[in-house]
Amino acid sequence: MPLERAGIDPFKDKFPLTLRYEGTMRGTGGLRLAGEDCRTTVAGLYAAGDAASRERVMGAVSGGGAYNASWAICSGCWSGRGAARHALGAGKSGGPDRRALKPVGRHGLEAGRETDAPIDTTALVGDIQRDVLPLNINFYRSESGVAGALGRLDALREALGGSVPGTVQGRVRAREAAGMLTVARWMYTAALARKETRGLAALTEYPALDPRQTHRLILSGIDGIAVGTERVPHAEELGRADGQAKGEAS
Amino acid sequence: MIELVSAERCIGCKLCVKACPTNVFDMDEAAKLPVIARLEDCQTCFMCEAYCPADALYVAPQAEARAEVDEIALAAAGMLGSWRREIGWSKGTDSTMAERDTTPFFETFTERYRQA
Ligand SMILES: Cc1cc2nc3c(=O)[nH]c(=O)nc-3n(C[C@H](O)[C@H](O)[C@H](O)COP(=O)(O)OP(=O)(O)OC[C@H]3O[C@@H](n4cnc5c(N)ncnc54)[C@H](O)[C@@H]3O)c2cc1C
Ligand code: SF4
Ligand code: SF4
């Protein structure tokens, strides 16, 4: 329909195409699930759909254009059931969860304010996009390019310490900007931690798959980001098979 | 991006304000007319147009550049409300897009392939 409206016949006319790339492993990464009921490592917090990690169904490729919609529906059912069970009777006493919860969020919120000057969300979002959208940084990834971008993004964290506008739109924007910045930093931190090329993860300096890195990357933290790995089934077998193949070849 | 709110056609129902997923419109309560308050947030999803019962909106297909539109020309070309009619949301349309979509499911493909 957009083509029709623009008077373009896609079968006959030339029209400009562009690659849109936000560069996360969208359709793969997300909040780490810690059980089949889609619980996370935070008691009482359940994740589903795009918010949940999907490496167990996707491996190292994106679920976009494939599994994502069905994953959203399935994990939505499982997590909903899990959360309901938790609310009903998963408290330590065996009864309903009656913990008195208090908000701990700070990023892009009034609780995280350090100065009186308001957060300039338009400028901040522009700054983040300058290091996320360019294909030369984010699609054709090199160690130096990604590290440079990560350094600049880390430096932007300070901008989140401003005051948050009182309007609904202003509050949403500030929180969105904080989310964008954090995801961008997670994304590049993970990119640098995988010194190989596997599935959609690529670094020009390491063009080949390295069987020793047949593991998942687990990131945690916001101010400081820690990177851990998680074993995947068969990783050792793959490594052994590769070693054998190399041994036979030599 | 959203380029036209027709003051002539709009009945002030506010549906577009509610339907827009990125909150582009504000309602001018005095004029009973939605105003495009945050054009830069428009993602060219055509949702507002689909919801508008008065065919008062036009979303241009250009997602990143402004497009000049002329209400009279758009109306004459039958463009106002065309998306809503296309998907079968207007009163009096005799089919929906979903009904007309005859793309076979994968199973049908594989079945045919097996028989061939
Ligand atoms: C362009 C595109 C094409 C795609 N194509 C395919 C495809 O062909 N096949 C496929 O399987 N998948 C596809 N996907 C992926 C699929 O659409 C998503 O994985 C799926 O829709 C995710 O569903 P969800 O419910 O997890 O998230 P969403 O549908 O994103 O729902 C999240 C909801 O949360 C709301 N929300 C956000 N913040 C807040 C807040 N603070 N308070 C309250 N509400 C909030 C949002 O408004 C939104 O409604 C595509 C995605 C895109 C973007
Ligand atoms: S096209 Fe979509 S994003 Fe733009 S104003 Fe309409 S509903 Fe909102
Ligand atoms: S949906 Fe259409 S008629 Fe209703 S307020 Fe919006 S523009 Fe006006």
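The values are calculated or read from the model by the stated rules, or taken from the named source; none is laboratory data. The structure displayed is predicted, hence computed values, not measured ones. Heads up, the Cβs are rebuilt from the backbone with ideal geometry, glycines too, and the neighbour counts pull from every protein chain shown. These accessible areas exclude ligands, DNA and RNA; they are computed on the full protein's heavy atoms, side chains included. Shrake-Rupley method; radii C 1.70, N 1.55, O 1.52, S 1.80 Å.
For the stretch B:48-67, check the following and say yes or no: at least one residue is surrounded by 13 or more Cβ atoms within 10 Å (Cβ to Cβ), away from ligand 2 (no atom under 15 Å from the Cβ) and at positive phi.
no
Would you point out which residue out of B:L74, B:L15 is of a type in the set (A, V, I, L, M), touching a residue at least 60 places away in the same chain (Cβ under 8 Å) and either open to solvent by 40 Å² or more (accessible area, probe 1.4 Å) or within 11 Å of chain A (Cβ to nearest Cβ) (or both)?
Going through B:L74, B:L15 in turn, just one is of a type in the set (A, V, I, L, M), touching a residue at least 60 places away in the same chain (Cβ under 8 Å) and either open to solvent by 40 Å² or more (accessible area, probe 1.4 Å) or within 11 Å of chain A (Cβ to nearest Cβ) (or both): B:L74.
Quickly run through the stretch A:92-111 and pick out the residues that are without any contact (Cβ under 8 Å) to a residue 60 or more places away in the chain and closer than 16 Å to A:E158 by Cβ.
A:R106
Residues that are in contact with a Lys or Arg (Cβ under 7 Å, 6 or more places away or on another chain), over 18 Å from A:I119 (Cβ atoms) and of a type outside the set (D, E, K, R): does the stretch A:158-177 have at least one?
no
Looking only at residues in the stretch A:143-174 that are within 14 Å of chain B (Cβ to nearest Cβ) and part of a helix (DSSP H, G or I), which one is least open to solvent (accessible area, probe 1.4 Å)?
Of everything passing the filter in the stretch A:143-174, A:G170 is least open to solvent (accessible area, probe 1.4 Å).
How many of the residues in the stretch B:77-103 are out of contact with any helix residue (DSSP H, G or I) (no Cβ under 7 Å at 6 or more places or on another chain), within 16 Å of A:R5 (Cβ to Cβ) and open to solvent by 50 Å² or more (accessible area, probe 1.4 Å)?
The total comes to 2.
Since A:R20 meets every condition but one in (1) more than 26 Å from A:V125 (Cβ to Cβ); (2) under 20 Å from the mean Cα position of the chain (by Cα); (3) basic (K, R), which condition does it not meet?
(1)
Looking only at the stretch A:4-15, decide whether some residue is surrounded by 17 or more Cβ atoms within 10 Å (Cβ to Cβ) and either within 14 Å of another protein chain (Cβ to nearest Cβ) or over 30 Å from B:P61 (Cα atoms) (or both).
yes
Starting from the stretch A:63-78, take each residue that is away from chain B (no Cβ under 14 Å) and list its partners that are within 6 Å of ligand 1 (Cβ to nearest atom) and open to solvent by 70 Å² or more (accessible area, probe 1.4 Å), counting only C-beta distances under 8 angstrom and pairs at least six apart or across chains.
As it stands, the answer is A:N68/A:D50; A:A72/A:D50, since those pairs meet every condition given.
Could you list, in sequence order, the residues of the stretch A:187-222 that are loosely packed, with under 14 Cβ neighbours inside 10 Å and assigned to a helix (DSSP H, G or I)?
Answer for the stretch A:187-222, where residues must be loosely packed, with under 14 Cβ neighbours inside 10 Å and assigned to a helix (DSSP H, G or I): just A:R212.
Here are some conditions: (1) farther than 18 Å from A:I73 by Cα; (2) among the aliphatic types (A, V, I, L, M); (3) away from chain B (no Cβ under 13 Å). A:L31 meets all but one. Which one does it not meet?
(1) is the only condition that A:L31 fails.
What number of residues within the stretch A:26-39 are under 20 Å from A:R99 (Cβ atoms) and touching a residue at least 12 places away in the same chain (Cβ under 8 Å)?
Of the residues in that region, 5 qualify.
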